[in-house]
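Structure first, commentary second.
The values are calculated or read from the model by the stated rules, or taken from the named source; none is laboratory data. On a predicted model such as this, the values are computed, not experimentally measured, just so you know. Neighbour counts are summed over all protein chains in view; Cβ atoms, including those assigned to glycine, are modelled from backbone coordinates with ideal geometry.
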Amino acid sequence: MLLLTLRRKRHMVDKPSDLVQGTLDMLILKTLALEPMHGYGIAVRLEQMSHGVFRVNAGSLFVAFQRLQRAGLIKGEWKPTENSRRAKYYSLTEQGRRRLNSETREWGRQVAAIARILEAS
Amino acid sequence: MSLLRNATSGLRSLLRKTQVDRELNEELNGFLEMAAEEKIKHGVSREDARRAVRLEQGNFEVTREVVRSATWESLVETCWQDLRFAIRMLRKSPEFTAVAVLTLALGIGANTAMFSLVNGVLLRPLPYLNPDRLTMVWEKSSDGSAENVGYATYLDWKSQNKSFEQLAIYSSWQPVLQVGEPEPLNGLRVTSNYFRTLGVHPEIGRDFLPEEDSPNTNKVVMLSHRLWQRKFSSDPNISGKTIDLNATQYIVAGVLPASYQSLMSQDPRGGTVEIWRVLGYDISQPWACRTCHHLVAIGRLRDGVSITQATAEMDIVSAALTKAYPKEYDDVGVIVTPIRDQLLGPASGRLYILLGAVCLVLLVGCANLANLLLARAASRQREVAMRTALGATGGRVIRQLLVENCLLGLLGAAAGLFPAC
């Protein structure tokens with residue numbers, strides 16, 4: 001138990017503080033919904049799409065890949081890149097696609113609810 | 001489903017560790033290289049680009065560790081490391097290990113041996129129905145010692161008491177069984193209600209009938225499960241057949257269940273009783289007299305009657321008998337003892353004391369070991385300091401030491417098997 005809490009603490013430090021906890025998985029799924037991508041590509045795309053707000057470091061990103069892969073939401077495949085390098089390309093599984101849909105819906109619901117609360121005066 | 005996938009992919013990375021590690025390395029390296037190339041495109045020199053990436057992403061080794069330690073199998077792996085380390089540490093100080101293991105082994109071994117004995121003798125329930133209701137009933141002789149009863153006395157006890165649901169008697173009997181090779185057996189002659197008193201029902205056949213308990217009827221016997229297997233090759237139709245004992249024909253009434261072990265044995269060699277016949281006494285027989293003290297009485301108390309109450313009532317019955325037959329009785333009452341006490345004798349108290357003593361021995365051993373470990377811990381402070389400096393968390397150090405001590409405990413327990421046997 002002690003160990004678990006220690007470990008969890010370490011992760012939280014690694015995660016960018018401006019990223020709401022638990023949303024990294026959803027963002028990765030969303031990024032992969034367009035096309036299969038390798039780790040660096042995903043990091044760059046996340047940064048671009050958020051206009052530089054989210055900078056995810058390699059540690060949290062790869063932990064998330066591992067977690068998503070084991071949950072069966074994404075799968076990885078080694079392929080050559082455009083620079084004739086070998087990289088692991090991640091792509092959404094059918095289950096991952098379903099999860100993305102449900103999480104997006106849920107997220108929308110929550111954001112709307114939070115917005116309603118914040119706007120009420 | 002995802003739990004299963006998690007387990008299998010965890011197992012895969014455990015079993016094919018190098019490959020999984022290499023893939024992770026390649027992936028992370030690729031990530032850093034691509035990040036650097038991106039910067040080179042913007043006109044930064046290769047060296048500067050690499051340094052910049054490193055600054056942005058932090059230590060590559062740390063990142064790799066973070067990714068690896070996020071999985072459950074990393075716990076298995078580090079535990080395995082700890083175990084190997086613990087073995088090395090114990091081998092490095094063989095004197096300490098030997099003393100610690102020996103201390104534990106002696107303590108644990110003595111405890112195990114003692115507990116097996118106590119468990120077998122005291123804690124295991126007797127193979128009777130409600131054994132706490134069963135008592136032995138003795139005549140109390142003038143010097144206060146317990147004495148066997150005569151048949152006539154038994155009959156009077158049986159008809160006059162109200163404390164016992166059943167009262168039975170038995171005496172020893174050594175017949176020779178003439179089936180195949182003649183074999184002397186250890187047996188008992190019992191009244192027809194003997195098994196009802198104990199609460200045992202035959203597995204095959206029937207119990208003794210009251211009308212069979214007289215001198216001039218068919219002689220019937222009950223067989224133990226083992227005797228039935230051994231001598232009659234588990235014949236399922238044995239009930240009602242005749243067998244030869246002491247050149248006399250006996251009819252087999254039934255076979256007792258295998259779970260029943262007779263604890264009543266007057267055989268000094270302590271052999272188990274394997275055969276029972278009906279007592280078949282009659283008051284007219286000379287050996288059925290009041291002074292013929294050769295029968296042992298066993299009674300089942302009625303519900304709600306305590307041993308004290310039963311003793312008080314039996315004392316009154318006995319006093320009336322002494323008054324009626326002053327020549328035949330010189331005893332002063334009746335002794336009623338719980339069957340457990342009877343079977344174990346005065347040993348039970350001593351056994352518990354012994355068990356307590358060996359528990360204390362283990363405690364003393366543990367205290368000694370704790371002292372030893374404390375002394376060792378003092379000399380290992382530098383090691384712990386070094387580990388902490390290298391980035392081990394408190395939990396990690398505790399786990400490593402815990403694994404080491406668990407190993408020591410297990411070794412002690414394993415070595416404890418030898419004195420226990």
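Note on the range B:39-142: enclosed helices (runs of 4 or more DSSP H) holding 1 or more residues that are within 14 Å of another protein chain (Cβ to nearest Cβ) and farther than 30 Å from residue B:291 by Cα are B:46-57, B:60-69, B:72-92.
Among the listed residues A:19, A:3, identify the single one that is facing chain B (nearest Cβ under 8 Å) and at pLDDT below 85. Just a single option satisfies the conditions, and that option is A:3. Scanning the range B:340-365 for residues that are over 21 Å from the mean Cα position of the chain (by Cα) and either closer than 27 Å to residue B:163 by Cα or of a type in the set (Asp, Glu) (or both) yields B:342, B:346. Close contacts from the range B:304-330, counting a first residue that is in contact (Cβ under 8 Å) with a residue 24 or more places away in the chain and a second that is of a type in the set (Gly, Ala, Ser), with Cβ to Cβ under 6 Å and a gap of 6+ residues or different chains, come to B:305/B:163; B:310/B:163; B:313/B:163; B:318/B:333; B:330/B:142.
Looking only at residues that are touching a residue at least 12 places away in the same chain (Cβ under 8 Å) and either in a loop (DSSP other than H, G, I, E, B) or within 10 Å of chain A (Cβ to nearest Cβ) (or both) in the range B:12-28, which one is farthest from residue B:73 (Cα to Cα)? Step by step, filter the range B:12-28, then rank; the result is B:28. Out of the residues in the range B:177-199 meeting the condition of being modelled with pLDDT of 90 or more and among the β-branched types (Val, Ile, Thr), tell me which one is nearest to the chain's Cα centre (by Cα). My answer is B:197. Could you pull out every one of the helices (runs of 4 or more DSSP H) wholly within the range B:278-384 that has 1 or more residues that are of a type in the set (Phe, Trp, Tyr)? It comes to B:347-379.
If we scan the range B:152-172, do we find a residue that is modelled with pLDDT of 90 or more, surrounded by fewer than 16 Cβ atoms within 10 Å (Cβ to Cβ) and of a type in the set (Asp, Glu)? Yes. Would you check if residue B:171 is more than 27 Å from residue B:233 (Cα to Cα), polar (S, T, N, Q) and touching a residue at least 40 places away in the same chain (Cβ under 8 Å)? Yes, satisfied. How many residues does the range A:36-77 contain that are modelled with pLDDT of 85 or more, more than 8 Å from chain B (Cβ to nearest Cβ), crowded, with 18+ Cβ neighbours inside 10 Å and part of a loop (DSSP other than H, G, I, E, B)? Selection size over the range A:36-77: 1.
Taking the criterion of being under 13 Å from residue B:318 (Cβ atoms) and crowded, with 19+ Cβ neighbours inside 10 Å, the residues of the range B:141-151 that qualify are B:149, B:150.
Checked against the criterion of being under 30 Å from residue B:115 (Cα atoms) and either touching a Ser or Thr at 6+ places or on another chain (Cβ under 9 Å) or within 14 Å of chain A (Cβ to nearest Cβ) (or both), the range B:376-398 has no qualifying residue.
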